[in-house]
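Chemist: Quick one: this structure, given as structure tokens, is what I'll be asking you about.
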Amino acid sequence: MSGGVWAAPGRVNLIGEHTDYNDGLVMPFALSRTVVATAARRDDGVLRLSSADAPGGPVELRVADLAPGHGPRGWTDYAAGVVWALRESGHPVRGAELHYESTLPAGAGLSSSAALEVVTALAVTELYDVEPTRQELAVICRRAENAYAGAPTGIMDQTASACCAEGHALLLDTRDLSRAQIPFDPAAHGLALLLVDTRVKHAHSDGAYGERRAGCESAAAALGVAALRDIGYEELPAALDRLPTTTDRPSATTDRPPAAPGPESAGPARTARPSAAPGPRALTRHVVTENRRVERVREALAAGDPRAVGPILTEGHASLRDDFAVSCPELDLAVSAALAAGALGARMTGGGFGGSAIVLTEERDRERTGAAVARAFAEASLGEPEIFAVTPAAGARRLS
């Protein structure tokens, strides 16, 4: 194949945050917003990358010279890393020209980097008639992000972008990579799911994300298990008693809405200020209870009761805020304002330290709830958030 156009979506994680690198359960769905790649083969061994959404001109790299830590740093790492990882996995891909256009906001917690990786992998493999499975593509893209781009993320984002189905959330077991498509159609039940992009930027390759991952691995080692996934919900109290309390945080509470930011957060904020890393008890408590929340959401959807998902989302936000310490004042404000306006539930989504929140509300209350969140940001002298409805969309695909 000489050329074509491909698209890969971003994702919203309905529930299951910071569990993927703990061998846990996640439940994302794909967005209709995508990264589109127009791609063609090259016979000179050059990878030429350009983007309509990034400053500067095209970047040219020799495919044979691709290696972690070499070449320019920035968005091109995610694309170049995929070509490197494909070759490292034994796939005979060579030169290519790729031009990207995106409707996904970068740094909004919607996995724009994973969408870039997946669309690159799908385009390049089809250009060279290589046929890995979609899950294999996701694993290769995760390797590119971890080893080449230096972001210690799990497998959820790439799998969601590659494998999601329209009208469904994807239940993924990140230990064995088993998947199940779970029907999820809020509109059919008179509901709406809003996404609030706070416009506070985050970066997975910064130290705060890595600190939490390392803390989870240390906690698992202290408990004598391979990963925190191995601690069952019923075993949690005993497990917590076996962990040290030094530098730990108080337990997340689920009987109160997330607090709005205080006066110290006033003024337009564009970058998050990560909190100190929590201790092992708090990290463990979040991961174990979050795995249980994924199971509860699955049970609610299987029972045809999506409204029951709302309180579970709010519990998840409290845990991410209080135990995992990855929220920020803007995310807390989006959640608390939505709940005060009558939303069924809300939580931050994505890795945190900025990004977006999701809000489950009755369809009849959608506009009023969105307006209440926007008004709360204005009253706090924060930048205007972008608020829009989302529905589960299809995964990566060829357009032409």
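The values are calculated or read from the model by the stated rules, or taken from the named source; none is laboratory data. Source: prediction; values computed, not measured. Here Cβ is always computed from backbone atoms with ideal geometry, including for glycine, and neighbour counts include all displayed protein chains. What goes into the accessible areas is simple: the full protein's heavy atoms, side chains included, and nothing from ligands, DNA or RNA. Shrake-Rupley method; radii C 1.70, N 1.55, O 1.52, S 1.80 Å.
Chemist: Considering only region 163-184, I want to know if a residue exists there that is in a loop (DSSP other than H, G, I, E, B) and of a type in the set (Asp, Glu).
Modeler: Taking region 163-184 first, the residues in a loop (DSSP other than H, G, I, E, B) are 164-167, 174-178, 184.
So of that shortlist, the ones also of a type in the set (Asp, Glu) come out as 166, 176.
Yes - at least one qualifying residue is present in region 163-184.
Chemist: Suppose the filter is over 19 Å from the mean Cα position of the chain (by Cα), surrounded by fewer than 21 Cβ atoms within 10 Å (Cβ to Cβ), basic (Lys, Arg) and assigned to a helix (DSSP H, G or I); does Arg307 pass it?
Modeler: Details: over 19 Å from the mean Cα position of the chain (by Cα): yes; surrounded by fewer than 21 Cβ atoms within 10 Å (Cβ to Cβ): yes; basic (Lys, Arg): yes; assigned to a helix (DSSP H, G or I): yes.
So Arg307 passes the test.
Chemist: Please determine whether any residue of region 192-208 is in a helix (DSSP H, G or I) and under 19 Å from the mean Cα position of the chain (by Cα).
Modeler: Within region 192-208, one or more residues are in a helix (DSSP H, G or I) and under 19 Å from the mean Cα position of the chain (by Cα).
Chemist: Exactly one condition in (1) more than 17 Å from Leu14 (Cα to Cα); (2) crowded, with 21+ Cβ neighbours inside 10 Å is not met by Arg368; state its number.
Modeler: Failed condition: (2).
Chemist: Exactly one of these conditions fails for Leu193: (1) in contact with a strand residue (DSSP E or B) (Cβ under 7 Å, 6 or more places away or on another chain); (2) open to solvent by 30 Å² or more (accessible area, probe 1.4 Å). Give me its number.
Modeler: For Leu193, the failing item is (2).
Chemist: From the set of residues in region 10-39 that are in a strand (DSSP E or B) and among the polar types (S, T, N, Q), which is surrounded by the fewest Cβ atoms within 10 Å (Cβ to Cβ)? Reasoning before the result, please.
Modeler: Keep residues of region 10-39 that are in a strand (DSSP E or B), which gives 10-15, 25-39.
If we keep only those that are among the polar types (S, T, N, Q) too, we end up with 13, 32, 34, 38.
Working: Asn13: 29, Ser32: 14, Thr34: 26, Thr38: 17.
Top of the filtered list is Ser32.
Chemist: I'd like the residue in region 59-75 that is at pLDDT 95 or above and open to solvent by 70 Å² or more (accessible area, probe 1.4 Å) and, out of all such residues, is farthest from Glu88 (Cα to Cα).
Modeler: Selected residue: Glu60.
Chemist: State the number of residues belonging to region 34-58 that are at pLDDT 95 or above, more than 20 Å from Arg143 (Cα to Cα) and either touching a helix residue (DSSP H, G or I) at 6+ places or on another chain (Cβ under 9 Å) or among the basic types (Lys, Arg) (or both).
Modeler: Qualifying residue count for the region: 12.
Chemist: Within region 213-228, restricting attention to residues that are open to solvent by 70 Å² or more (accessible area, probe 1.4 Å) and either modelled with pLDDT under 95 or under 16 Å from Thr19 (Cβ atoms) (or both), which residue is farthest from the chain's Cα centre (by Cα)?
Modeler: Ala226
Chemist: Among the residues of region 387-400 satisfying the criterion of being of a type outside the set (A, V, I, L, M, F, W, C) and open to solvent by 50 Å² or more (accessible area, probe 1.4 Å), which is nearest to Leu331 (Cα to Cα)? Before the answer, list the steps.
Modeler: Going residue by residue through region 387-400, those that are of a type outside the set (A, V, I, L, M, F, W, C) are 391-392, 395, 397-398, 400.
From the residues that got through so far, the ones that are open to solvent by 50 Å² or more (accessible area, probe 1.4 Å) too are 391, 397-398, 400.
Working: Thr391: 21, Arg397: 32, Arg398: 35, Ser400: 38 Å.
This residue is Thr391.
Chemist: Quick one: count up the residues across region 140-173 that are of a type in the set (Val, Ile, Thr) and touching a Pro at 6+ places or on another chain (Cβ under 9 Å).
Modeler: Taking region 140-173 and keeping what is of a type in the set (Val, Ile, Thr), we get 140, 153, 155, 159.
Now restrict to residues that are touching a Pro at 6+ places or on another chain (Cβ under 9 Å): 140, 159.
Total meeting the criteria: 2.
Residues are listed down the side, and each one gets a yes or a no for (1) in contact (Cβ under 8 Å) with a residue 12 or more places away in the chain; (2) buried (at least 22 other Cβ atoms within 10 Å of the Cβ); (3) assigned to a helix (DSSP H, G or I); (4) touching an Asp or Glu at 6+ places or on another chain (Cβ under 8 Å):
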| site | (1), (2), (3), (4) |
| --- | --- |
| Ala337 | yes, yes, yes, no |
| Ser356 | yes, yes, no, yes |
| Ala372 | yes, no, yes, no |
| Ala376 | yes, no, yes, no |
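Chemist: Moving to a separate point now. Report yes if some residue within region 238-255 is at pLDDT 90 or above, in contact with a helix residue (DSSP H, G or I) (Cβ under 7 Å, 6 or more places away or on another chain), open to solvent by 60 Å² or more (accessible area, probe 1.4 Å) and not in a loop (DSSP other than H, G, I, E, B); otherwise report no.
Modeler: No: zero hits.
Chemist: Which ones in region 59-88 are in contact (Cβ under 8 Å) with a residue 40 or more places away in the chain and β-branched (Val, Ile, Thr)?
Modeler: Residues satisfying the conditions are Val82, Val83.
Per-residue answers, yes or no, for (1) acidic (Asp, Glu); (2) open to solvent by 50 Å² or more (accessible area, probe 1.4 Å); (3) not in a strand (DSSP E or B):
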| site | (1), (2), (3) |
| --- | --- |
| Asp77 | yes, no, yes |
| Gly81 | no, no, yes |
| Leu86 | no, no, yes |
| Arg94 | no, yes, yes |
| Leu104 | no, no, yes |
